[in-house]
Amino acid sequence: MRIARGALALGAAALAQVLLSSYLPALARFCDLFTIVVVYYGLTSRPPAAMVMGTSAGLVEDSLLGAILGLNGFKKTLIAYLVGSAGSLFMLNQAIPRFGILFVASLLDPLAELALSVAMGQGFNFPGAWDLLRRGLGNGVFGLLFFWVAARLP
């Protein structure tokens, strides 16, 4: 049942991200729904299961964006591992800590991409501070909404 819910959440995130990018591109720059799903699974399941979700979400994102296959998969797996590890050490079940972890995950995503791009010898345009702040705040708000909806589902 948990696997089916994960696949459904991943499919819904992919569909919502594509629709947001197509019809509301300004709003799509504020949130990364794949990161939100990965953080949710990092906080609500064991780290190995969260890492599988991170890998899956990253590979789906790679296929949708046309990026180097595995780049987002590695980033999301890293985020899932770190969030899962932090979730096992600290109480992250309230709104403010969840917002903070979503914000930090949003900052970690481009940092990991920068490190991987340097390791592969490719160029990477690091987003500006304003863009990082917008993405972090957007992921925090959308993520809290996602957590609220997920808590009310059967």
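We did not get these values from a lab; they are worked out from the coordinates using the rules stated. Everything numeric here is computed off the predicted structure, so don't read it as measured data. All Cβ positions, even for glycine, are placed from backbone atoms using ideal geometry, and neighbour counts span all protein chains on display.
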task: With respect to Ala9, determine if the residue is among the small types (Gly, Ala, Ser) and surrounded by 20 or more Cβ atoms within 10 Å (Cβ to Cβ).
output: yes
statement: Restricting attention to the stretch 113-133, the residues that are within 18 Å of Gly58 (Cβ to Cβ) and part of a helix (DSSP H, G or I) number exactly 7
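Got at least one residue in the stretch 21-37 being over 19 Å from Leu137 (Cα atoms) and either among the hydrophobic types (A, V, I, L, M, F, W, C) or assigned to a helix (DSSP H, G or I) (or both)?
Yes, the conditions are met somewhere in the stretch 21-37.
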query: What pairs come up if the first residue lies in the stretch 30-59 and is surrounded by 24 or more Cβ atoms within 10 Å (Cβ to Cβ), the second is of a type in the set (S, T, N, Q) and in a loop (DSSP other than H, G, I, E, B), and their beta carbons are under 8 Å apart, counting only those six or more places apart or on different chains?
result: Met53/Ser45
Number of positions in the stretch 123-152 that are in contact (Cβ under 8 Å) with a residue 40 or more places away in the chain and over 25 Å from Ser85 (Cβ atoms): 2
statement: Taking the stretch 77-106 and keeping only residues that are in a helix (DSSP H, G or I) and either polar (S, T, N, Q) or at positive phi (or both), one is left with Thr77, Ser85, Ser88, Ser106
- prompt: Would you say Asp109 is closer than 18 Å to Arg135 by Cβ, part of a helix (DSSP H, G or I) and acidic (Asp, Glu)?
  reply: yes
- prompt: Exactly one of (1) surrounded by 14 or more Cβ atoms within 10 Å (Cβ to Cβ); (2) over 30 Å from Gly123 (Cα atoms); (3) out of contact with any Leu (no Cβ under 7 Å at 6 or more places or on another chain); (4) not β-branched (Val, Ile, Thr) is unmet by Arg98. Its number?
  reply: (3)
